[in-house]
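Taking it in order: structure first as structure tokens, then the write-up.
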Amino acid sequence: MKKFIGIGIIFLTALALLSCSGGSQTVKKVIPEAYNEQGRRIQHIYSVTQDFLNNCKAGNLEDVEMVRHARMDTLILDKENKTLDIYFNRYFAYRPLREENVKTMYEFFRGKLGTSYEKYEMTLYSTDVPIQTLIPNYYIEDQNNRIVNKLPVDPKPIEPIVRNNSKPFVPSKGLYGRHIALWNSHGWYYENSLHRWEWQRARNFQVVEDIYPTSYVLQYLVPMLENAGANTFLPRERDFNTNEVIVDNDDPASGYIENGNWENGGIGFAVGEKPYVSGDNPFLFGTYRKRLANDQYASVEYTADIPEDGEYTVYISYHHDVNNVNDAKYTVYHAGGRTEFLVNQQIGGETWIYLGKFKFLKGGEARVVVKTNRLSQTKYISTDAVRFGGGMGDIMRNGLISERPRWIEAARYYLQYAGMPEMVYNIHQDTVDYNDDYKSRGEWVNYLKGAPFGPTANRDTAGLGIPIDLSFAFHTDAGTTRNDTVIGTLLIYSRRGSETNWDAPGDSAELTFPDGQSRYVNRDLADIIQTQIVDDIYAKYDPVWNRRGMWDAGYSEAWRPNVPTALLELHSHHNFLDMKFGNDPQFRFDASRSIYKGMLRFL
């Protein structure tokens, strides 16, 4: 039976008393006999711990960093079973942990505690787990020692949702077959209390955070991920083109032509009446078409009337079903020729699915042809609307529309346009769009993946069945310095799946994803990406760039997604030196590449 030794006010007022457990007594009042034996032990261990923390904060221990808020919470000495457990607060885990510095920490305690404890099993804890389990699996040299519960639970193999069939080869490594959800900060939104549309963040140094991270995410990071083979998903419009052309089966005059025998498949997309008001879902306004995939000549053609020369993103929609083909062939005819895609129609229907961006000429050929890639007497192929371009915002809030390009708007509004149910984007029932926006991004990730990873309101929601591998929130933080230093890079993660008191112990259910994988993998992702960013900036831009902490905190974008997730604050858009770097396109490229490399290493 363990004896839990609490540190009372006679020793140190800063440490809380431990409660009784399993019949063991807590020492609440120290008597001379206890002081002679246990008291000196406790005081000695505490002194060693303080010495350890002071040395860490002073930089006297090789490769060991510590933030100033790191403290010891609890000390448990079990003389009978020869165990010593030292618990540090969560600030202890704000800095990266590696096999080398963890070894240094244990050696420090062994050396300072002396031979009296050489037979004790000693464990150092932070965030309620042994500190060695906070080392990302990627950095563990012997892969047999990887933390098993942080490894992904083997999913059922599934074809990627979109494959570019025109590429000369299919990569066997990289990010091929991966599905990554990410987003570029906030966006133009409707402020309910003021009855107006406005930015969510202040303007400074000629940028606003609502769109500034877009210059990284859409121009660099997304193309890098896609070039490496990944499918990317964004909860905001990704096309800068304010023109929009929709060709749909519910409007044959739009340029829709069927070849072969197609039939009505059920409820699908139709433009409906714009602007859309609260609760409107254009993916419930119309129908979709389907047929057995047994005729290679059966096809559907979508021919768009392009209003002006330019680059247009092409989105498709369809109805997904387990009985559909997983390789429907889409051919996009554009100014540069034609590009073929294979689409897995068993997942991802009833929303806009991105194919790519292409140049189209006014009056030239702008066409998408859909047909089966291989004949089947048992599988179906379906099709619905095809969209060219990003367009303007058309969600009305209390009589007002944004009057801005759709790509500038916040996620809440694009998600409504993209067919998401209200449980995803209208969490506060039309009362606080600001809160709906940041909460909707994580809930959208869960809806993309679907049961049992579904939205918080209903984990069993079927969703879209897309096997999202990770999600990533890209932000730039606020803050200023009074000298010539940068605010630097912060990463935020959550070891829990709920909004709660972060200093309270968590229950086992909220510490894992629905498939049992530990949410501590979020810290691995945050650590790997932050390390990559900071190391690359050290080497190329600023040898004293500030590596801020890894916060384990209850940010909605960090705890809501039921997939490995990290929230980045790359640098401060309010600080002069940060923005000296941030306004350099080469810096944006390199920072984006660091994030891509971090994701690659994590996956």
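The values are calculated or read from the model by the stated rules, or taken from the named source; none is laboratory data. None of these values were measured; they are calculated from a predicted model. Here the Cβ is made from the backbone with ideal geometry for all residues, glycine too, and neighbour counts use every protein chain on show. SASA here: full protein model, heavy atoms, side chains in, ligands and nucleic acids out. Shrake-Rupley method; radii C 1.70, N 1.55, O 1.52, S 1.80 Å.
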(request) Could you please find all residues in region 39-90 being in contact with an Asp or Glu (Cβ under 7 Å, 6 or more places away or on another chain) and assigned to a strand (DSSP E or B)? (result) ILE76, THR83, TYR87, PHE88
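The rows are residues; the columns are (1) crowded, with 20+ Cβ neighbours inside 10 Å; (2) part of a strand (DSSP E or B).
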position	(1), (2)
ALA462	no, no
ILE492	yes, yes
GLU510	no, no
ALA526	yes, no
GLN532	yes, no
ALA539	no, no
VAL544	no, no
MET550	yes, yes
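Condition check ((1) touching a Ser or Thr at 6+ places or on another chain (Cβ under 8 Å); (2) among the small types (Gly, Ala, Ser); (3) farther than 30 Å from TYR91 by Cα; (4) surrounded by fewer than 17 Cβ atoms within 10 Å (Cβ to Cβ)) across all residues:
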{"residue": "PRO136", "(1), (2), (3), (4)": "no, no, no, no"}
{"residue": "GLU141", "(1), (2), (3), (4)": "no, no, no, yes"}
{"residue": "VAL153", "(1), (2), (3), (4)": "no, no, no, yes"}
{"residue": "PRO160", "(1), (2), (3), (4)": "no, no, yes, no"}
{"residue": "SER166", "(1), (2), (3), (4)": "yes, yes, yes, yes"}
{"residue": "SER185", "(1), (2), (3), (4)": "yes, yes, no, no"}
{"residue": "TRP188", "(1), (2), (3), (4)": "yes, no, yes, no"}
{"residue": "GLY229", "(1), (2), (3), (4)": "no, yes, yes, no"}
(request) Return the only residue of PRO155, PRO160, PRO96, PRO171 being over 30 Å from TYR315 (Cα atoms), in contact (Cβ under 8 Å) with a residue 40 or more places away in the chain and in a loop (DSSP other than H, G, I, E, B). (result) PRO96
(message) Among the numbered criteria (1) crowded, with 19+ Cβ neighbours inside 10 Å; (2) free of Cβ contacts under 8 Å to residues at least 12 places away in the same chain; (3) not polar (S, T, N, Q), which one does VAL343 miss?
(response) (2)
(message) If I go through region 321-340 residue by residue, how many of them are in a strand (DSSP E or B), exposed (fewer than 15 other Cβ atoms within 10 Å of the Cβ) and either in contact with a strand residue (DSSP E or B) (Cβ under 8 Å, 6 or more places away or on another chain) or among the basic types (Lys, Arg) (or both)?
(response) 1
(request) Determine whether region 374-381 contains at least one residue that is of a type outside the set (Asp, Glu), closer than 24 Å to ASN241 by Cβ and either open to solvent by less than 10 Å² (accessible area, probe 1.4 Å) or within 20 Å of the chain's Cα centre (by Cα) (or both). (result) no
(message) With the structure loaded, tell me whether GLY391 is touching a Ser or Thr at 6+ places or on another chain (Cβ under 6 Å), closer than 22 Å to PHE283 by Cα and not aromatic (Phe, Trp, Tyr) or whether it fails that test.
(response) no
(request) Residues being closer than 21 Å to ASP552 by Cβ, open to solvent by less than 10 Å² (accessible area, probe 1.4 Å) and in a loop (DSSP other than H, G, I, E, B): count how many of those fall in region 464-490. (result) 1
(request) Those residues that are charged (D, E, K, R) and either touching a residue at least 24 places away in the same chain (Cβ under 8 Å) or part of a helix (DSSP H, G or I) (or both), I need them from region 573-601; list them, please. (result) ASP578, LYS580, ARG588, ASP590, ARG593, LYS597, ARG601
(request) With the condition kept exactly as written, say whether any residue in region 180-200 is assigned to a loop (DSSP other than H, G, I, E, B), at pLDDT 95 or above and basic (Lys, Arg). (result) no
(message) Anything in region 425-449 that is assigned to a loop (DSSP other than H, G, I, E, B) and either touching a Leu at 6+ places or on another chain (Cβ under 6 Å) or open to solvent by 10 Å² or more (accessible area, probe 1.4 Å) (or both)? List them, or say none.
(response) ILE427, HIS428, GLN429, ASP430, THR431, VAL432
(request) Would you tally the residues in region 179-222 being under 25 Å from LEU400 (Cβ atoms), among the aliphatic types (A, V, I, L, M) and touching a Lys or Arg at 6+ places or on another chain (Cβ under 8 Å)? (result) 1
(request) Tell me, yes or no, whether region 112-129 has at least one residue that is free of Cβ contacts under 8 Å to residues at least 60 places away in the same chain, over 21 Å from ARG40 (Cα atoms), under 37 Å from the mean Cα position of the chain (by Cα) and surrounded by fewer than 17 Cβ atoms within 10 Å (Cβ to Cβ). (result) no
